[in-house]
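Working notes, beginning with the structure itself.
The values are calculated or read from the model by the stated rules, or taken from the named source; none is laboratory data. Because the structure is a prediction, the values reported are computed rather than measured. Here Cβ is always computed from backbone atoms with ideal geometry, including for glycine, and neighbour counts include all displayed protein chains. Surface areas here come from the heavy atoms of the whole protein model, side chains and all, with no ligands, DNA or RNA. Shrake-Rupley method; radii C 1.70, N 1.55, O 1.52, S 1.80 Å.
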Amino acid sequence: MTPNWSPYWNEKHETLQKDQLRALQTIKLRRLVEHAWHCSPFHRRLYERAGVTPDQLRGFDDIRRLPFMTREDWLGNQAEKPLFGDLITRPASEAIRYHLTSGTSGKQPLRVLDGRKDWSWIADMWCYGFWGFGIRPADTVFFAFSYGSFIGFWGAHYCCEKLGCLVLASGNMTTEQRIKQIVELGATVVCATPTYALRMGQTAEKLGIDLRRDGKVQKVIVSGEPAGSIPAVKKMIEDMWGGKCGDTAGMTEIGTIMIFECDHQPGGPHIIEDHFIEEVLDPETGAPVPYGERGERVVTSFGRGFIPLIRYRTRDLVCKVPHSRCRCGRTGDIYDGGILGRVDDMKLIRGTNVYPRAVESIVREFKEVEEFQIVITREASVQDEITVKVELKPDQQHIWPQLSVRLGKDLADAHEGLRFNVLLAAVGELPRFELKAKRLQDLRPAN
Ligand SMILES: [Zn+2]
């Protein structure tokens, strides 16, 4: 067990010099590809088609010889050979967990299985993040999470048991019940999506509970949405809860997190590089982009034995910067600003690119805003319109005339002068979310 005073969960690996880290990753990569070659017929076909064999992986850059794997490949394989395809490396009977992707994008969900060893690894990755943000065995950790088939915070729950924290599960509770238990049991850490952390804070205010005064929360760990690294969203969460907000991000395909914020918070989360290779590539050409430029995350995960994930196209947009940005001593590089959105999230409105996360980061600068929604329509079959509907806090309605003008101007300034319609929604009119928010509605006819 890591000593309480150490800032690292795995000091040796988290502080490895870059060349040693690359050597470790190269050994792990070769071992992983050999495993996939022998045990996953899906991967064997993929590599044979690409004319690549495991023995060709001699140096770190040889990873580029390997073909990509996509979500479509995975879904296609499951559809062809239900339920799990021949991608898995062991008989399904050896699994101990079954999970699905959240399906928030309306797409068919992916099915995943994990064995006992995988599950233990999944919890260990969360330990890197929780420990790195300062969570210790004496903490009481509340999970505002529904514990269903979506993997979400499942791994984090097991991580906290492993750390020796007191774990509070809140599966079937209402938002009010959750807030009351957080206060009553003196939870010191709360885990939720950023959207739901805000919603719990707003609900507490309505209940007359001052979380800063009545609660003991010191840390809010968020995950599941890109908003967790938007400074204005973080600040709102911290103002409501009175604790520091730390971002993490993972994906069901990996089963756990691959990035986390350390307690120095240098403006983005560190990559757990001893367990993942995170490439950042041009989404069109597949060529690597340099530090400081936006590109698509392509992940290779060393931990999940049941499902090899090798050069998986995530469609997440990121901007990698060197680890030296942070002074914590970790040598895992940093994703500046966290996950910046999805490659497919980009909307083209009258010739201007609009990313929902960028809109959110502007809207959240206004603390009077309780909820918002982005609606895209096509008028008279030609003109695309983008509208931001804003719901103000009940006692802030009077601010609308000034706020609407400023918001409209800030949105336009950030989007090459593109005009956004800004509309006031009635109190309680806009949808609320517990897991991942779906705040964008594109009502244009599909081409
Ligand atoms: Zn750091």
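Ignoring any ligand, DNA or RNA, what whole percent of the accessible area of segment 61-186 comes from carbon and sulfur when the probe is 1.4 angstrom? The computed percentage sits at 51. Inter-part distance, segment 208-230 to segment 50-91, computed on C-alpha centroids, equals 39 Å.
What residue among Glu184, Glu278, Glu434 has the largest mean-square fluctuation in a Gaussian network model of the chain, using Cα springs under 10 Å? The residue that fluctuates most here is Glu184. Most simply put, segment 91-223 has about 25% antiparallel DSSP beta bridges, counting only bridges with both residues inside it. Quick one: how many Å² of Asp55 are accessible to a 1.4 Å probe, rounded to 10? Its accessible surface works out to 80 Å², give or take rounding. Take 144-153, 388-397 and order them by the average number of nearby Cβ atoms within 10 Å per residue, most first; the result is 144-153, 388-397. Taking every protein chain into account, the accessible area of segment 283-408 amounts to 39 square angstrom per residue (probe 1.4 Å). With everything on Cα atoms, drop me the angle between helix 41-50 and the longest principal axis of the chain, reported from 0 to 90° to the nearest 10. So the helix axis and the longest Cα principal axis differ by about 80 degrees.
Measuring with a 1.4 angstrom probe and ignoring ligands and nucleic acids, Arg64 comes out at about 130 Å² accessible. When the chain is treated as a Gaussian network with alpha carbon springs shorter than 10 Å, the biggest mean-square fluctuation among Val233, Val359, Val220 belongs to Val359.
The lysine pair count for segment 173-289, using Cα distances under 17 Å and pairs eight or more places apart or on different chains, is 8. In straight-distance terms, cross-link reach from Lys347 covers every one of the lysines whose alpha-carbon lies under 18 Å from its own, apart from those fewer than eight places away in the same chain; here that gives Lys389, Lys438. Among DSSP bridges having both ends in the chain, what percentage is antiparallel? Round to the nearest 5. DSSP beta bridges in the chain are roughly 60 percent antiparallel. Taken one residue at a time, the phi angles of segment 144-149 give Karplus couplings (6.51, -1.76, 1.60, θ = phi - 60°) of 8, 8, 8, 6, x, 7 Hz. Gly and Pro are set to x. Over the residues of the chain, the helix contribution to mean residue ellipticity at 222 nm works out to -9000 deg cm²/dmol, using -39500 (n - 2.57) for each DSSP H run of at least 4.
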